[in-house]
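Structure first, then comments.
Values in this text are rule-based calculations from the coordinates and carry no lab data. Quick caveat, the model's predicted, so the values are computed rather than measured. Note that each Cβ is placed from the backbone with ideal geometry, even for glycine, and that neighbours are counted across all protein chains shown.
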Amino acid sequence: MTFTTKALVVLLALATTACTRPDRFGGADGADGMAGANAGAAANAGAQGAAGDPSSPQYFSQTIGDRVLFSVDSIALTPEGRSTLDGQAQWLQTNSDYLAIIEGHADEVGTREYNIGLGSRRANAVREYLVSRGVPTSRLRTISYGKERPIEVCSDESCYSRNRRAVTVISVGSMS
Amino acid sequence: MLTRIFALLMAVFMAAPALAQDGPLRLTITDGVIEPLPFAIPTFEAETSGSEQLAQDITRLAAQDLTNTGLFREIPASAFISNPAGFGTPLQFADWRAINAQAVIRGAVAVNGDQVSVKFRLYDVFTGEELGEGLQFAGTQQGWRRMAHKVADAAYSRITGEGGYFDSRVVFVSESGPKDNRQKRLAIMDYDGANLQYLTDSSSIVLAPRFSPRGDRVLYTTYESGFPRINVLDVASVGRQQVNTAEGEMAFSPRFSSDASRVIYSLTNGGNTDLYITDIASGQHTRLTEAPSIETSPSFSPDGTQIAFESDRSGTPQLYIMPIGGGESRRISFGDGRYGTPVWSPRGDLIAFTKQNAGRFHIGVMRTDGSEERLLTASPLDEGPTWSPNGRVLMFTRESLGASGTSSLYTTDVGGLNLRAVPVEGGASDAGWGPLQP
């Protein structure tokens, strides 16, 4: 998969759902990932429609579900995860103007660099599943944050199980 | 001539230090120390008026360097029998023998404008002779800590026969903010936490900075483009640019080769992470591994012929060594648990690593054939060892658990003794220890 530089810039600048993602930090996170346009994202939120609109990214993240969870050291998709991804695939096919970036994450139990590799595997497992369900590979991109971006901060399995995740982040963009 | 060799052996193997008597003062470091060597360091003479405070500060810092190694014990000035006379006068050895000082360090400090010069002599009290030639260091007032470190390095080096490590710097990741909104930025400091300076802002995630062999450049992983990429930063100018790696979704875990001509790193494509080398001058890329497993945290041997790295090709992360010119890799870790972040000692004799077993993390060392594994630390989360320039001390990250968990840097010697926190303002992780400064 190759993105042109221009497409990537568009992708980064128009990550309009950045502000709605629970795993994405506030405005201070500007240069990480796609969140460079947090301020713009907030302004755009109305234009994107409410979560009640099935074509909105909010609907995708809140109703369909933007994330799947993994067992320790595992990249295997659970039945529940597959069901979520089936919904994601359907939505992406219906709303073909959107791109998606799949973020892979690991829990804190592991070394930093290994966990980046592990998060990447998880993101890729989701990408492959979405492609197998008909989403063009050209609309998907992966990134791993390893253990750098926990959403839960306790140090036991109740938190670890929610941090071992792959999150599909919807972006506006085109593959021009 | 009489000799005294303090053989500093691990308590496990020998109950008492060996004391022989036929040569000059020599402290042989093996795996630890039982009995620190007593030394005296009278406050350095102020040779020019107004240099008293500086003489005092330099003396105290040099003493602290030596004492903090755990190898030396300072005899307090209150125990001194003779008031140490001027730098140039003969030492009254009997007075120092009487208080059991094995070594005496004397010095003098002169200030001329912004210029500072420090003279230093080291005495072997038992033989009644000077150990090595007198030395003189020159610098600026602002750089006074480096002169103290140089005095301590010279004393350490003459007494142990090993290179020193006090006049060195550490690059690391400075951390702030709560665990679920951690801000990270690159920073550099002296080995003892002084002279902290930030090298980047915290607008994007930065990870695992590592010095070039000469200490003039730093490689690190940054998310500033949105995706993990490798940057090289010039320490003097703080200018930085992206390294042109082979094409991939993510590039991370960079390290210089021992001659600084190449960068080795992990590159991810299609969820698979392998090792690559890029020759900096030619821009030529070489792929080193082709397995579907994760290969990461590569580290060169000091002679540049081999690499140690981490791979989960066996099912769990383990340590491997591979010749750089091609050939089979061989696994060297066989204990219980998971192993990662292998780092080759600058002496070439040991590999330091992170080990995870039974819910604990350890920093450990093993020989390059995997034998003589020794765990030096234990905590809920230790990781990422980096070697002192002389291969005698390891600095690493220790993270406390839970919602308020923070990262700190610690040091331990290779014997697993003398665990110390490095005093750094705020959170700190991912230390990369640089070379001894010229």
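Between helix B:52-67 and chain B there is an angle of about 60 degrees, using the helix long axis and the longest principal axis of the Cα atoms.
Region B:97-168 and region B:330-379 have Cα centres lying 35 Å from one another. Here is the list for region B:295-365: GluC sites (Glu not before Pro) lying in DSSP coil, each with at most 12 other C-beta atoms within 10 angstrom of its C-beta, are B:Glu328.
Based on other C-beta atoms within 10 Å, arrange B:Thr245, B:Thr368 from fewest to most. Walk me through the numbers before you get to the answer.
Details: B:Thr245 21, B:Thr368 17.
Fewest-to-most ranking of B:Thr245, B:Thr368: B:Thr368, B:Thr245.
Annotation note: GluC sites (Glu not before Pro) in region B:356-438 located in DSSP loop regions with a Cβ neighbour count of at most 13 within 10 Å are B:Glu372, B:Glu425. What percent antiparallel are the DSSP beta bridges of chain B, to the nearest 5? In chain B, approximately 90 percent of DSSP beta bridges are antiparallel ones. Per residue, the average separation of C-alpha pairs within less than 8 Å and at least 6 apart gives chain B a relative contact order of 11 percent. A simple spin-label model places the labels of A:Thr63 and B:Thr305 6.6 nm from each other, with each point 7 Å out along Cα-to-Cβ.
Annotation: for a label point projected 7 angstrom from Cα along Cα→Cβ of B:Asp259, residues of region B:278-313 with backbone N closer than 13 Å are B:279-282, B:303-306. Here the extension length gained between B:Ala85 and B:Ala358 equals 92.4 nm, from 0.36 nm per residue of separation less the Cα-Cα distance.
For the protein assembly as shown, what class follows from the C-alpha gyration tensor (a ≥ b ≥ c being the square roots of its eigenvalues): rounded when a/c is under 1.5, otherwise prolate if a/b is larger than b/c, else oblate? Prolate shape, in that a/c is at least 1.5 and a/b is the bigger ratio.
Shown in residue order for region B:255-270 are the 3J(HN,Hα) couplings computed by the Karplus curve 6.51 cos²θ - 1.76 cosθ + 1.60 at θ = phi - 60°: 7, 6, 6, 5, 9, 6, 7, 10, 10, 10, 6, 9, 10, 10, 9, x Hz (x for Gly and Pro).
Considering helices alone, the calculated mean residue ellipticity of chain B at 222 nm is -3000 deg cm²/dmol, with DSSP H runs of length four and up weighted by -39500 (n - 2.57) and normalised per residue. Principal axis extents of the C-alpha atoms in region B:249-379 (largest first, rounded to whole Å): 44, 35, 26. For region B:323-331, 3J(HN,Hα) computed residue by residue from phi via the Karplus equation (6.51, -1.76, 1.60; θ = phi - 60°) reads x, 6, x, x, x, 6, 8, 10, 7 Hz, glycine and proline entered as x. Label point of B:Arg60 set 7 angstrom out along Cα-Cβ; within region B:129-152, amide nitrogens under 14 Å from it belong to B:145.
On the beta carbon distance between B:Ser225 and B:Thr67, with R0 = 41 Å, the FRET formula returns roughly 0.35.
Could you tell me which of rounded, prolate or oblate describes region A:48-108, using a ≥ b ≥ c as the square roots of the eigenvalues of the alpha-carbon gyration tensor, with rounded for a/c under 1.5 and, failing that, prolate when a/b is larger than b/c and oblate otherwise?
Since a/c reaches 1.5 and a/b is larger than b/c, the shape of region A:48-108 is classed as prolate.
Near B:Leu350, the amide H atoms lying under 5 Å from its own belong to B:Ser345; only residues 5 or more places off or on other chains count, and H is placed 1.01 Å from N. Mind checking the full-extension length gain between B:Leu419 and B:Ala94? Use 0.36 nm per residue of separation minus the Cα-Cα distance, one decimal, nm. Full-extension gain reported as 113.5 nm.
A crude spin-label estimate for the pair B:Asp279 and B:Glu129, with each label 7 Å from Cα along the Cβ direction, gives 5.1 nm. Rounded is the label for region B:168-436. Its Cα gyration tensor axes, ordered a ≥ b ≥ c, give a/c under 1.5. Backbone phi angles across region A:64-77, fed through the Karplus curve with coefficients 6.51, -1.76 and 1.60 (θ = phi - 60°), yield HN-Hα couplings of 6, x, 9, 9, 10, 10, 10, 6, 4, 6, 9, 10, 6, 7 Hz in residue order; Gly and Pro are listed as x.
Peptide B:259-272 shows a mean partner chain C-beta count of 3 within 10 Å per residue C-beta. Under 5 Å between amide hydrogens, built in the peptide plane, is the criterion, and for B:Ser379 it picks out B:Phe361 among residues at least 5 positions away or on other chains. Take the Cα of A:Arg133, step 7 Å toward its Cβ, do the same at B:Ala194, and the gap between the two points is 6.0 nm. For region B:321-374, the set of trypsin sites (Lys or Arg not before Pro) satisfying both a DSSP loop assignment and a count of at most 15 other C-beta atoms within 10 Å is given as B:Arg347.
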